[in-house]
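The values are calculated or read from the model by the stated rules, or taken from the named source; none is laboratory data. On a predicted model such as this, the values are computed, not experimentally measured, just so you know. Heads up, the Cβs are rebuilt from the backbone with ideal geometry, glycines too, and the neighbour counts pull from every protein chain shown. Just so you know, the surface numbers come from the protein's heavy atoms only, side chains and all, with ligands and any DNA or RNA stripped out. Shrake-Rupley method; radii C 1.70, N 1.55, O 1.52, S 1.80 Å.
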Amino acid sequence: MPERPAEPEPRAAATDAAAGDKADAGSGGASPEGGAATVPSPPPAAAGTPAPEETVPEAAEVSEATGTVADGPLEPPVVETGIPLPPSEADAAGDDSPELPHAPEWSPPVAAEMPESRAEVAPEPSPPPHIQHRPALFVVHVTPELAPVAKVGGLADVVFGLGRELEIRGNHVEIILPKYDCMRYDQIWGLQRTFDDLWVPWYGGAIHCSVYFGFVHGRKCFFIEPHSQDNFFNRGAVYGFHDDIFRFAFFSRAAMEFLWKAGKNPDIIHCHDWQTALVPVYLYEIYQPMGMRHPRVCFTIHNFKHQGVTGAQVLHASGLDRPEYYFHYDRLRDNHNPHAINLMKGGIVYANFVTTVSPRYAMEAKDQGQGFGLEPTLHIHHMKYGGVVNGIDYDVWNPEIDPHIPVHFSVDTIEGKYADKKALRDRLLLADNEKPIVSFVGRLDPQKGIELIRHALFYTLGQGGQFVLLGSSPDGAINGYFWGLKRQFNDNPDCHLEIGYNEELAHLVYAGSDVMVVPSRFEPCGLTQLIAMRYGTIPVVREIGGLADTVIDKDFSHRPLHERNGYVFRDYDERGLESALGRAIACYYQYPDHFRELMKNAMRYDYSWNHPGQDYLNIYHYIRDK
Ligand code: ADP
């Protein structure tokens, strides 16, 4: 293995940087408007959370007395606590809090440092808050997935959709991902090698990498290709290998090394899930001490279930050379296993802001046992933690222009949907009758509620409906189970199971169905109910996570009638499912006018990236300006 280029000794550098940060935070952290200084202070430990042995990094603080924060120029992003985000003047008090490795280090321009002519000019009056200028940002996403080239789940859609929205709003967005052999290369335009001399530190040496550039439907993407015997990304699949943690620890390090060597200085690095959770750790422990002091990090958790829990080896591999330092409870040490490190925990501790993909899931993860052991960490860092509901890409999911459906329709021409229902029946050889079509689209994963999906099939047929399933599982046993069901219903003209992944068929299923069931055990956000609503298909969902945030029950809600858009049940059992699915099928048969109104309500909702795009921009500006 070739020698790695010399690199400053991280331990000493990190200490210096921490000291520097503290000086910055203590001396100013003044607001860009020249208002009160803000000083990060340790958050109050939540009741029931283990007392931290050391103060952990924290990016934001609010007034304990009021639970509110001082005025700021920005619309606050949605946070699960319901607390607006800009920092409070109350934070300006006291400065002897221990230093935080990732505390924002913004320092205000000092008049003496300005050219004299500038310093003497009287400041222009600032515009009113609602038209305050917000500079365009340079945002880099570091991600293991990107739709449609490397898609495993909703994460891929989020990175593409959010990236596109940010660009539409005038920001500069670049995306860094591994160069997998299994990517959809037909969806990448102008792919070319742009950087051929990237040496990524690894196990005390370095691995030679090439970096390619290409456009993915207009998004600017860099693909990192390591040349080593590990063959990290030429495995025929994105995930599923014994060394996945090492593959993505390496990728995260490579992404940071690329930014450093290419001289890129983004305002924001946005990383996703455990795979890239080491990005803020590398930034604050290695690259900031080397001089990369500009970027702030937003870390989005798409699913708390997978956290990247591993041994010390990955620290040695990736250049985080002080195991005793990182094994501290306040840094990367797993909350349950003191001999393991937890990459997702590292991302939470070190990032400037942590989001998950719906406010409800943010609360469930922190307070209702859905954090898979990370609850205490979320409590400690609750002031920089919130939920933003994902959007869906309205260019891809749009019944008015969708190339995969034979008849286009809108809320005003909703009859077109029935032609698509007929097309779906023709395609799947279902009987043409008056029955409602109830569907499921998604991964056949225990998370998605396998038992209740199965029960929905039997119950629908029993209630006089048709049932369509489009799904697959990497788990042979689960796949085999559904293949068995498929054979069982092979001759049933009211049932079709399509086992596999078929993007194009999914469009027709969304368009041609009347009802979409999403009976998940837990659901961080869920895209299928959002897509279904876009196509006037009524969601029947369990009241959890993003499903609870986006579906309003037709019969049991305090919201106005025109805001109700589906059916919701609470308990994860057959009776629970029946209570909602039964009402949906009954409404379809007995009150078709009401059902049609419900369809229109669902279609009128805006689940595009418009709102979440603004929420993320608010977060970016907040962590930049703080
Ligand atoms: P998750 O990210 O947990 O898999 P989401 O509901 O957030 O679930 O996103 C799932 C996305 O993947 C949706 O866009 C859905 O249409 C798509 N999808 C899932 N399974 C299939 C399949 N078998 N065929 C086509 N599309 C699928």
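Numerical summary
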| quantity | calculated |
| --- | --- |
| Counted residues, region 148-174 - those being within 16 Å of the ligand (Cβ to nearest atom), in contact (Cβ under 8 Å) with a residue 40 or more places away in the chain and under 14 Å from the mean Cα position of the chain (by Cα) | 10 |
| Odd one out for residue 526 among (1) over 28 Å from the mean Cα position of the chain (by Cα); (2) over 27 Å from residue 589 (Cα atoms); (3) in a loop (DSSP other than H, G, I, E, B) | (1) |
| Region 385-420 - residue that is in contact with a His (Cβ under 6 Å, 6 or more places away or on another chain) and acidic (Asp, Glu) and, of those, farthest from residue 302 (Cα to Cα) | 400 |
| First in region 517-543 and over 19 Å from residue 556 (Cα atoms) and of a type in the set (A, V, I, L, M, F, W, C), second anywhere and near the ligand (Cβ under 8 Å from one of its atoms) and part of a strand (DSSP E or B), Cβ under 9 Å, 6 or more apart | 527/442; 531/441; 532/441; 532/518 |
| Lone qualifier among 546, 512 - being within 16 Å of the ligand (Cβ to nearest atom), open to solvent by less than 30 Å² (accessible area, probe 1.4 Å) and touching a Cys at 6+ places or on another chain (Cβ under 6 Å) | 546 |
| Number of the condition not met by residue 110 [criteria: (1) more than 22 Å from residue 268 (Cβ to Cβ); (2) β-branched (Val, Ile, Thr); (3) at pLDDT 95 or above] | (3) |
| Members of region 465-475 that are open to solvent by less than 20 Å² (accessible area, probe 1.4 Å) and either more than 17 Å from residue 424 (Cα to Cα) or of a type in the set (Ser, Thr, Tyr) (or both) | 473 |
| Selection count where residues are in a loop (DSSP other than H, G, I, E, B) and either within 27 Å of the chain's Cα centre (by Cα) or within 16 Å of the ligand (Cβ to nearest atom) (or both), scope region 431-451 | 3 |
| Qualifying positions in region 567-604 - surrounded by 15 or more Cβ atoms within 10 Å (Cβ to Cβ) and not in a helix (DSSP H, G or I) | 567, 568, 569, 572 |
| Qualifying positions in region 397-420 - acidic (Asp, Glu), surrounded by fewer than 24 Cβ atoms within 10 Å (Cβ to Cβ) and in contact with a helix residue (DSSP H, G or I) (Cβ under 7 Å, 6 or more places away or on another chain) | 402 |
| Enumeration of residues in region 371-396 that are open to solvent by 30 Å² or more (accessible area, probe 1.4 Å), part of a loop (DSSP other than H, G, I, E, B) and either among the small types (Gly, Ala, Ser) or under 20 Å from residue 544 (Cα atoms) (or both) | 372, 389 |
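Yes or no, residue by residue, for (1) touching a Ser or Thr at 6+ places or on another chain (Cβ under 7 Å); (2) closer than 21 Å to residue 148 by Cα; (3) free of Cβ contacts under 8 Å to residues at least 40 places away in the same chain:
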| position | (1), (2), (3) |
| --- | --- |
| 226 | no, no, yes |
| 236 | no, yes, no |
| 242 | no, no, yes |
| 245 | yes, no, no |
| 258 | no, no, no |
| 261 | no, no, no |
| 268 | no, no, no |
